[in-house]
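Computed from the coordinates by the stated procedures, all read-outs in this text should not be read as laboratory data. Nothing here was measured: the structure is a model prediction, and the numbers come from that model. Every residue, glycine as well, gets a Cβ built from its backbone with ideal geometry; the counts of neighbours run over all protein chains shown.
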Amino acid sequence: MNKGERTRQMIIERAAPVFNIKGIAATAMSDIMDVTKLSKGSLYVHFENKDVLAEAVVDYNLQQLQRKVVAAVTKADHPKDKLFAYIDAFRDPLSPPVPGGCPMLNFGMEADDQNQVVLAKVAEMVNNSQQLIIDIIAGGIDQGVFKPDWNYQEFATLMFAMLEGGIFIGNTTRKIDKMAIINRSLKKMIEAQSC
């Protein structure tokens with residue numbers, strides 16, 4: 001990376017938690033100036049406007065979340081353990097994998113009906129997340145780990161929705177007890193489909 005690329009990356013990395021915590025609309029360029037220690041003019045050298053920066057930050061936050069979940073899943077060898085690792089990556093919504101909470105939930109809710117570019121990025125991540133669950137289960141069925149008649153595509157949607165719902169509940173109530181219930185319930189559903 002040259003100096004300009006390094007500066008651009010530094011801006012994205014320092015702006016990422018600000019946007020994820022405050023939201024796109026509530027984040028001002030002065031907030032980014034504070035965390036980067038750069039002037040407004042310097043920021044505009046690297047990003048045409050706040051929207052362009054926000055889109056880069058959304059990409060970065062979603063990539064960070066995906067990396068952490070994939071890293072947790074790939075530590076496990078057995079398909080059931082991979083699913084459990086996926087679930088456990090979200091077990092404490094008050095200590096999320098990405099500072100500020102789940103960027104899919106944060107940016108998806110804010111972008112709905114307001115920012116089609118960000119909404120499309122979040123939708124792609126939602127689909128990729130569910131596809132990861134589907135691929136793990138399909139591999140487990142092929143290995144004889146899970147029952148062949150499991151409607152795993154439907155379960156992937158259910159699992160994803162329950163985890164995101166648990167994140168929402170945890171963040172709004174500031175308690176993790178409901179996520180513990182979701183965690184246990186999902187693992188019981190997976191055990192019920194194991195051979």
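Working from the Cα coordinates of segment 57-192, the gyration tensor eigenvalues give, after taking √(5λ), semi-axes of 25, 17, 13 Å in decreasing order.
Specify the angular offset, from 0 to 90 degrees and rounded to the nearest 10, of the alpha carbon long axis of helix 116-142 from the longest principal axis of the alpha carbons in the chain. Approximately 30 degrees, to the nearest 10. Taking the square roots of five times each eigenvalue of the Cα gyration tensor of segment 30-83, the equivalent ellipsoid has semi-axes of 37, 10, 7 Å, listed largest first.
Using Cα centres only, tell me the gap between segment 173-188 and segment 85-113 in whole Å. So the separation of the two Cα centres works out to 15 Å. For segment 1-139, the number of Lys pairs with C-alpha atoms closer than 27 Å, counting only pairs eight or more positions apart or on separate chains, is 18. Net charge near Glu13, counting Lys/Arg +1 and Asp/Glu -1 over other residues with Cβ under 14 Å of its Cβ? Taking every Cβ under 14 Å from that of Glu13, the sum is +3. Comparing Pro99, Pro148, Pro17 in a Gaussian network model of the chain where C-alpha atoms under 10 Å apart are linked, the largest mean-square fluctuation is found at Pro148. What the phi angles of segment 93-100 give under the Karplus curve with 6.51, -1.76 and 1.60, with θ = phi - 60°, is a coupling list of x, 7, 10, x, x, 10, x, x Hz, glycine and proline written as x. Amide H contacts of Phe146 (H built 1.01 Å from N, in plane; Pro and chain starts excluded): Ile141, Cys195 sit under 5 Å, all sequence-distant by 5 or more or on other chains. Would you look at the GNM of the chain, springs on alpha carbons closer than 10 Å, and say which of Met104, Met125, Met29 moves the most? Its mean-square fluctuation being the largest, the pick is Met29. Expressed as a fraction of 2.2 N^0.38 Å, the value expected for a compact globular protein of N residues, the C-alpha radius of gyration of segment 1-101 is 1.28.
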